[in-house]
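What follows is a set of notes on a single structure, which appears directly below.
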Amino acid sequence: MSRVKSVERQKFWERNQKSGGYLLKKTINTALYKIARAILLFGLCFLILQPLFNKISISFMSEKDLYDATIISIPRNFTTANYKLSNQLMEFWVCLKNTVLVALLVSIIQVAACTLVGYGFARYKFPLRNFWFACVMLSILVPPQTISSSLFLHFRFFDVLGIFKAITGETINLQNSMAPYIMMCLGCMGLKSGLYIFMLRQFFRNIPKELEEAAYVDGCGKLRTFLRIMLPDAKPILTSCFLFSYVWQWTDSYYAKLFLGNVKLLPKALTSISGRLGDYYSSIHGTGSLPSSAYEQAMIATGLLMTILPLLLIYLVAQKGFVESLSQSGIKM
Amino acid sequence: MEKKKKKKMTLAQKNSIAGYLFILPFIVGFLAFLAYPLFQSMYMSFCKVTVGIGSFDMEFRAFDNYVRAFTVDAEFNRLLTESLTSMAYRVPATLVFSFFIALLLNQEFKGRGAVRAIFFLPVILSSGVIVGLEYNNTLLQGMEEVVQKSANSSSITATLQSILDTGGTGSKFFQYVFDIVDGVYDVAIASGIQIIIFLSGLQTISTSMYEAAKIEGCTAWESFWKITFPMVSSLILVNIVYSIIDFLIRTDNKVMEKINDTMSRQMDYGFSSAMAWSYFLCVIAIVGVVSFIISKKVYYYE
């Protein structure tokens with residue numbers, strides 16, 4: 001083995017001499033470039049991961065470690081009490097169950113509706129198509145806050161063309177049920193729905209026309225072609241959309257607060273964790289006593305970790321689904 | 001009777017009906033949950049809204065709310081200009097960063113999969129509720145201060161800045177660069193999707209193009225500007241639009257927070273709608289102007 005290497009080395013020097021020193025220069029340059037790239041990438045990776053590591057180390061610290069200036073990353077008094085407490089404060093398991101179910105339901109509905117719409121935009125020509133697609137772009141552009149006040153009142157005094165008022169004499173209050181949000185997802189107006197429509201349309205546009213025509217010639221109807229031919233092809237992009245939708249739904253607190261007021265969800269529990277910690281403190285140490293801000297932040301860090309841990313697991317398992325299929329779809333404008 | 005009708009329909013008509021059936025969910029959703037609320041909130045922004053028990057009343061007040069937002073309210077103007085200026089430097093930084101990273105990640109090296117996974121992690125880490133919590137984490141800031149004090153030195157950028165800043169001319173430019181360097185974490189965390197989009201574009205460029213260029217004597221630098229850049233230029237447009245929207249609409253944006261506060265705490269629907277509409281018009285104007293300018297320069301390879 002070493003002999004082969006030494007022969008190779010000799011050959012290298014010979015070739016180097018023949019090329020007038022160019023080969024050596026080039027090899028050194030490539031090696032330097034590789035080292036520089038490795039350092040840069042390592043640094044940037046560390047930059048992204050560091051807050052996460054920091055939170056992990058804080059979440060295992062006991063309260064007095066937080067005030068100790070000599071402790072930076074490795075806790076001296078290792079403890080899991082933070083996890084126990086934030087589990088109690090967030091009602092973690094209840095929230096987890098609800099979040100899993102709600103995110104699953106919402107993202108399935110969302111992806112299903114967006115697939116239909118994206119397919120329609122990509123494969124059919126119809127009058128006003130560009131106008132409706134401009135509307136899709138508009139739905140991406142509108143900040144949810146612009147319409148949220150109106151939506152809020154819309155669902156508070158819900159009515160379809162005055163039918164309910166005519167029958168019962170009163171409008172329906174849908175404010176504290178899941179119905180409004182489900183309806184919005186069915187109507188492709190959920191969280192970032194416009195983006196999914198855009199992605200799916202891109203994908204369906206790239207499927208060759210011959211495939212569709214062959215199906216029609218064989219006597220396949222329009223709906224059957226969609227279900228039997230197109231959908232199986234679209235599996236990667238569908239998983240990708242589903243994963244994005246699931247993850248973003250999981251961490252979303254805005255729509256959750258607006259529409260799912262009475263469902264216990266993780267992001268909402270997370271935002272209220274410091275308030276609950278205050279209540280917990282005053283119930284133990286008497287009214288008026290408040291937790292220190294350092295301890296509060298440690299609790300938030302713990303809660304945050306617990307919230308994103310399932311997502312990180314999903315990400316580890318389905319990393320390819322997130323990335324590869326999206327890059328296959330070839331996004332263009 | 002029915003049969004006759006079916007026979008009369010041309011294929012194009014059938015297709016357009018099928019197309020409308022497919023996008024029907026969107027049309028219904030758009031009209032009910034976007035167009036209608038949008039117009040209602042526009043109307044609200046001209047009104048004084050009072051919420052009663054069984055209904056809500058609107059009293060027409062013309063431009064009162066807008067006047068209040070731009071001249072009376074102490075915060076709105078400042079927050080709006082602040083968020084627009086920070087967008088003006090954040091978006092180019094995000095673009096350059098994500099393009100650069102995509103170029104790096106497109107190369108072959110050991111552990112590429114792992115590095116990619118880490119760079120796409122911000123797609124999860126920068127979403128929804130997590131961002132808002134990240135920013136007001138006083139404990140981490142406090143720890144940073146302690147570390148800096150005990151190490152008895154300032155950060156590298158601060159030292160560099162003090163060295164370079166003596167010139168006077170161009171110090172504003174340095175300030176700009178240092179702002180970006182100091183905020184590189186924010187940039188990195190905001191560019192997950194953009195990296196994916198650029199990477200997808202880079203992977204569609206066929207290697208035969210580079211080979212041909214190399215044979216013709218093109219250096220790597222030249223082939224970058226003559227091949228890579230034009231080929232992904234359409235994606236630059238996509239990414240600019242995405243970054244602008246992502247930056248302006250994300251939940252931790254100060255203007256958004258203010259609008260939310262006004263709406264949910266003070267229950268002042270008219271005023272919050274006025275602010276939201278002014279903001280929305282700003283967003284549309286910016287996206288429109290930027291995409292108009294850039295789409296002129298985009299090169300489509302077909």
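Data for the structure
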| quantity | calculated |
| --- | --- |
| MRE, 222 nm, helices only [DSSP H, n ≥ 4, -39500 (n - 2.57), over chain A, to nearest 500] | -23500 deg cm²/dmol |
| Average other protein chain Cβ within 10 Å of Cβ, residues A:49-59 | 2 |
| Shielding of A:113-119 by partner chains, average beta-carbon count, 10 Å | 4 |
| Restraint check, A:192/B:110; B:48/B:254; A:222/B:226, Cα-Cα greater than 32 Å | A:192/B:110; A:222/B:226 |
| Relative contact order of region A:83-329, pairs being alpha-carbon contacts under 8 Å that are 6 or more residues apart, as % | 30 percent |
| In region A:2-50, lysine pairs closer than 18 Å at Cα, eight or more apart or cross-chain | 5 |
| Distance (nanometres) between label positions extended 7 Å along Cα→Cβ at residue A:235 and residue A:272 | 4.2 nm |
| Per-residue Cβ neighbour rank within 10 angstrom, fewest leading, A:296, A:63, A:8 | A:8, A:63, A:296 |
| Residues in region A:234-276 reached by a label modelled at residue A:283 [backbone nitrogen below 12 Å; 7 Å Cα→Cβ] | A:276 |
| Radius, Kirkwood style, for region A:2-50 when every pair of distinct Cα atoms is counted (Å) | 13.0 Å |
| Residues B:259, A:72, A:308, B:286 arranged by fewest to most Cβ contacts within 10 Å | A:72, B:286, A:308, B:259 |
| Segment residue B:21-residue B:74, length gained on full extension (0.36 nm per residue, minus Cα span) | 14.1 nm |
| Residue order, fewest to most beta carbons within 10 Å, for B:20, B:89, A:295 | B:89, B:20, A:295 |
| Ratio of Rg to Rh over chain A (Cα coordinates, Kirkwood Rh, two decimals) | 1.12 |
| Over region B:175-236 - Rg/Rh using Cα atoms and the Kirkwood inverse-distance radius | 1.13 |
| Segment residue A:128-residue A:57, length gained on full extension (0.36 nm per residue, minus Cα span) | 19.9 nm |
| Stretch gain in nm, segment residue B:225-residue B:285, where the contour uses 0.36 nm per residue and the Cα spacing is subtracted | 18.6 nm |
| Check: region A:186-306 dipole with +1 on Lys, Arg Cβ and -1 on Asp, Glu Cβ, in debye | 180 debye |
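Each value in this text was obtained by applying a stated rule to the coordinates, not by laboratory testing. Predicted, not measured: the structure shown is a model, and the values here were computed from it. Please note: Cβ atoms are built from the backbone with ideal geometry, for glycine as well, and neighbour counts cover all protein chains shown.
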